[in-house]
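Everything on this sheet refers to the single structure shown next.
The values are calculated or read from the model by the stated rules, or taken from the named source; none is laboratory data. A quick note: this is a predicted structure, and the numbers were derived from the prediction, not measured. Please note that ligands, DNA and RNA were not included when accessible areas were found on the heavy atoms of the full protein model with its side chains. Shrake-Rupley method; radii C 1.70, N 1.55, O 1.52, S 1.80 Å.
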Amino acid sequence: LMPESMQAARENLDNLAKENAVRIVLGSDTFGLAEPGLNTIQELRMMVQAGMTPARAIQAATYDAAQHVGISDETGSIQVGKRADLIILEQDPFEDISALFDITMVVKYGVIVTDNRESGTRPNMR
């Protein structure tokens, strides 16, 4: 974001959203424009740059987004009976949101669909 846009985003997060109890969710309508998932990770990073904690930004992309679109009984959090859609990371994204750029494994519906441990390489999503 441009510096003035980032300032406006910070003010919106700090003032308007908190004062008015606005639920912030992350979603994407950029399918096909970038590496799958890359836009989401970049947006998460911008949310943190705008003042959200990494944990809060991740919640906006998972549980809060699922709740917003009415599917939180199926997905959005790790619970028995919900879909097992997960990414496995080497680093803690709550410490540094950029850890999301280094995905070790992708699990969809409980099945491993990408396993970068075997090749020793990670997708270059930066």
Rg(Cα)/(2.2 N^0.38 Å) for region 39-126, N = residue count: 1.12
Measure of exposure for Val80: accessible area at 1.4 Å probe, Å² rounded to 10, is 150
Over the heavy atoms of Arg56, what accessible area does a 1.4 Å probe trace out, to the nearest 10 Å²? 70
